[in-house]
1. State which residue pairs qualify: first residue of a type in the set (D, E, K, R) and inside the range 97-112, second residue outside any helix (DSSP H, G or I) in any location, beta carbons under 9 Å apart, and separation of 6 or more residues or different chains.
2. Can you find a residue in the range 130-138 that is among the β-branched types (Val, Ile, Thr) and within 22 Å of the chain's Cα centre (by Cα)?
3. In the range 137-151, what residues are assigned to a loop (DSSP other than H, G, I, E, B) and either hydrophobic (A, V, I, L, M, F, W, C) or over 16 Å from Ala92 (Cα atoms) (or both)?
4. In the set Glu128, Glu103, which member is touching a Ser or Thr at 6+ places or on another chain (Cβ under 7 Å), not in a loop (DSSP other than H, G, I, E, B) and not β-branched (Val, Ile, Thr)?
5. Residues to consider are Glu128, Glu110, Glu97, Glu151; find the one that is surrounded by fewer than 16 Cβ atoms within 10 Å (Cβ to Cβ), under 20 Å from Ile173 (Cβ atoms) and of a type in the set (D, E, K, R).
6. Which pairs have Cβ atoms under 9 Å, sit 6 or more apart or on different chains, and link a residue in the range 147-162 that is of a type in the set (Val, Ile, Thr) to one that is assigned to a helix (DSSP H, G or I)?
7. Evaluate the following for Trp213: is it among the aromatic types (Phe, Trp, Tyr), farther than 20 Å from Ala88 by Cβ and buried (at least 20 other Cβ atoms within 10 Å of the Cβ)?
8. Which condition number does Ala99 fail, the rest of (1) of a type in the set (A, V, I, L, M, F, W, C); (2) touching a Cys at 6+ places or on another chain (Cβ under 9 Å); (3) under 19 Å from Ala200 (Cα atoms) being met?
Amino acid sequence: MVSWRPDRGIVSRTAAITIIYRINGGAMNFGNGKPTISLIVLSFVLFLGLCVTSVNAQSQESGPAPDKATAKYEIDFMQDMIDHHAMAVQMANMCVEKAIHVELRTLCQEIIAAQSAEIQQMQTWLMEWYGISYSPEMKPGDMRMMEKMAELSGAEFEIEFMEMMIKHHLKAIRKASKCVDRVFHDQLREMCENIIVTQAAEIEQMRTWLCDWYGICKDRPAV
């Protein structure tokens, strides 16, 4: 069983908010006016390196958030992110079977491992903190997208997969940016920070491959 392991210290809320501000085309733009994910990741990593508070220094009771609104937010967020991650895992499983480039297959294997571990961890927290047992649910729209991807092969599949996974990751980053500022449990906050960094880096990698392999280097719209 793959288990989720935090490998970074707790980052300030301001740091995570700054990342999302840049992703959304804030004032700190570069070059053509659109920030790159690599710059976003770099800025976030710098914040991580400056943090003096470690996860080991954080101790919280394994119980619910102290107020109902925050508790509801944590429950809703984890259930929604479990569904979101489960969809990414299914997409990545298809990628492992159908992708041409070994680099992309390797990335998909990493997505499967990381997001499966995060699903298991959030399921554990839901049970420990709120007594809730939750299994992923797939929406009808997600099922249709999977059916569409299953019909593709070769270059068409890789292009469709990367473009869809980029969009999927961007949604996760938006969700995680709100989590950073609203949750009670530091463990969950750190997972959200990790989602922002990891998925931003994966977005930049897939955009690079789309450009290098398929000449899809058009201007990227703001997130």
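1. Lys98/Leu152; Lys98/Ser153; Arg105/Ala99
2. In the first step, residues of the range 130-138 are kept if they are among the β-branched types (Val, Ile, Thr); the result is 132.
From what's left, within 22 Å of the chain's Cα centre (by Cα): none.
There is no residue in the range 130-138 that is among the β-branched types (Val, Ile, Thr) and within 22 Å of the chain's Cα centre (by Cα).
3. Residues satisfying the conditions are Glu137, Met138, Lys139.
4. Details: Glu103 fails: touching a Ser or Thr at 6+ places or on another chain (Cβ under 7 Å).
From the options Glu128, Glu103, the qualifying one is Glu128.
5. Numbers: Glu128 fails: under 20 Å from Ile173 (Cβ atoms); Glu97 fails: under 20 Å from Ile173 (Cβ atoms); Glu151 fails: under 20 Å from Ile173 (Cβ atoms).
Of the residues listed, the single one that is surrounded by fewer than 16 Cβ atoms within 10 Å (Cβ to Cβ), under 20 Å from Ile173 (Cβ atoms) and of a type in the set (D, E, K, R) is Glu110.
6. Going by the 9 Å Cβ cut-off, the qualifying pairs are Ile159/Leu210; Ile159/Trp213; Ile159/Tyr214.
7. It is false that Trp213 is among the aromatic types (Phe, Trp, Tyr), farther than 20 Å from Ala88 by Cβ and buried (at least 20 other Cβ atoms within 10 Å of the Cβ).
8. (3)
The values are calculated or read from the model by the stated rules, or taken from the named source; none is laboratory data. What you see is a predicted model; the values in this text were computed from it and never measured. Every residue, glycine as well, gets a Cβ built from its backbone with ideal geometry; the counts of neighbours run over all protein chains shown.
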